[in-house]
Each structure stands twice: as C-alpha cells, then as structure tokens.
Amino acid sequence: MPVRTATAADLDDVLSLLAARDRAVLGEVEVRRSYLEHQLAQAKDSVVARQNGALSGYGSLDAEQNVALAAVDGAVADDLLGEIETRARGRGFGHVTCVAVPEDRIVWELLERSGYARERDIVRMWRSLDGDLPAPPWPDGVEVRSYDDRDGERVHALLDAAYAGWDPDNVELGHDDWLAFMTDHEDFDPSLWFLAERNGELVACALLWRPSDGSGWVKDIVVTEDERGRGLGRALLEHAFRAYRDRGAARVGLKVDTSNPTGAVRLYERTGFVVDRTYRIWSKPL
C-alpha cells in the first residue's frame, strides 16, 4: 500500500483517525489538535496511508526515536511501520521505541510479530484538585520562580542529566530541536514552568502544560540527586496544584515510568495521584 509523507492538509483526517482509535481502545480521546499540529510541523517523518481516498493509517517518528502508529488493519500498520523503520535507519537511529496498550490489538500484535521487545511499563495517574491544597513546604535556602527565555539551556541540561542516569531510551536532542519540541506549541506557558534554585544554581524544575478542558498536565518534574530527600519534589507538585486550580483546572495528570529509580511513583501516590491506565514500552534495535 502506498505510504507518503503527511502534510498539514492531512491534519483533520489524521485527527479523526486518532480520535476514533482512542475511543475504541481507551474509551476517551487523548489526542489533542494542538499537539498533532505541532507534531506534523516538527516531526521530520510523519506518514499516512490512504485507501480509495480515505485515510487508513498514520505513523510518526520523532527526534527522540519514538514511533506512534494508528491503522484500520494489520496490513496498513505493517506498511506504515516498515516505512518508519526505513526512515529511522536513514537518520542513523540505532533503535526505536513505541508505546502501546493491549486494547489496541492492531498495534500490539504488529509489535509482537515485528521483532519488538516488551521493555517496561508507564502508568498514567490523576489527582483531583478538590478540597484543601496545602502550602508548598519549600526547603530552606530554595527560591522558586517561573521560566524565561534565558533559562532554556539550563533546563535542558537539567533534564538530560536526570534522565540519562536511568532511562535506557533517553535521547539527547540538540538544543534547538529540544527548544522547538518543548516550547513551540500552544501547550507551552512559561509561567507554568517552575524553576527551583539554590544560591543561583538550578536544582529542580516542574514543567507543566497549559490546562485544557479542566485538566492540567505535568510534563516533567526533576530534582538533582544531591537535593533529593528534602521535600523539594513534593513542594513543586503542591505549588503546581495551586497554580492549576487558580487557572480553573479540576484535576492534574502525569505519566511516569515504573522503572524510575528516584521514587517518583511513591511521591505521586503520597501526594494523592491514582493510577488509571498502564502503557507498555516496546523497543527494537535497528
């Protein structure tokens, strides 16, 4: 089946395909138009397949070597994945990863028969913002402020250092690519990126997306190793809860890798988050 590069003209059809997939396998729509617009604009390799003029599949490969797929049947999914893997090799990638849920039988079975290994799980968690929200218990000597454009390289370096220590699939992007991926879209709001400093040194951050449909989302929260155990991660979360409720959000969500060795899952549970879905990370060497 012919597979071609996706264009902005495919946006509405791709959005409809992904929304239908989400409803069928998840019971709710996760895809957001603003995110998809950004993905089509930024991803060097987004592809589509059509049958009799109708969109039958969509796939993408981002700079972090992550594959995303949606298709009406296994044959279409095979063609999309084959094209994406070819493009990944052409970009010099040594491996690719894909996140899937067992309810998406088309993608799950495709990965099983295509040489992908099941690595580990990610859980999605939500916390209601009802009731009293305690004041953040900031550690002594820590000052917190919002992000400005001069902070980009420091925040990028902080995240790379945090994830490189344990995430085998972490891919360090060039700064311009990272900045575009993180800030060049509607979900970015610099007032919701909270930076914690000690004596002028960046020691932690909580990067939040702009709330949508009454929900907030924690994109990243990291604390340097020498600052862990002092309550800084909890303080950043409780600061985030108040910021989101001030903006009208009723709940806040996040995703966390269950293999994260920093105790992140326990921290989120202690601050009121509850797991509602599990995703599997698959990987394949190229």
Relative intensity, log₁₀ I(q)/I(0), of segment 112-180 from a Debye sum that treats every alpha carbon as a point, q = 0.22, 0.27 Å⁻¹: -1.12, -1.15
For segment 180-286, the spread of Cα positions along each principal axis, largest first, Å: 41, 37, 32
For TYR147, distant residues with modelled amide H under 5 Å away: TRP193, LEU195
Descending Cα extents along the principal axes, segment 3-115, whole Å: 34, 30, 27
Cα Rg, Dmax, the chain, angstrom units: 19.5, 65
Kirkwood Rh, angstrom, segment 1-54 [1 / mean 1/r, Cα pairs]: 11.9
Per-bin percent of Cα-Cα distances, segment 201-241 [10 Å]: 28, 49, 19, 4
Mean residue ellipticity (222 nm) of the chain, computed from DSSP H runs ≥ 4 via -39,500 (n - 2.57), nearest 500: -10500 deg cm²/dmol
Protection-proxy order for peptides 136-144, 66-74, each taking the mean of Cβ atoms within 10 Å per residue, highest first: 66-74, 136-144
Over the chain, relative contact order from alpha-carbon pairs under 8 Å, at least 6 apart, %: 23
For segment 70-134: Kirkwood Rh in Å [reciprocal of mean 1/r, alpha carbons]: 14.4
Charge-dipole axis of segment 3-115 as Lys and Arg at +1 and Asp and Glu at -1 on Cβ define it, positive-most pick from GLY90, SER60, LEU110: GLY90
Segment 117-198 - percent relative contact order, Cα under 8 Å, separation 6 or more: 51
Amide N proximity, segment 152-187 versus SER259 label position 7 Å along Cα-to-Cβ, cut-off under 11 Å: 166-170
Computed magnitude of the charge dipole of the chain (debye, nearest 20; Cβ of K, R +1, Cβ of D, E -1): 580
Relative packing of peptides 93-101, 150-158 - highest average C-beta neighbours within 10 Å first: 93-101, 150-158
Computed over segment 126-278: relative contact order in percent, which uses C-alpha pairs under 8 Å that are six or more apart: 32
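Bear in mind these aren't lab numbers, they're just calculated from the coordinates by the rules spelled out. Nothing here was measured: the structure is a model prediction, and the numbers come from that model. Cβ atoms come from the backbone with ideal geometry, glycine included; neighbour counts cover every protein chain shown.
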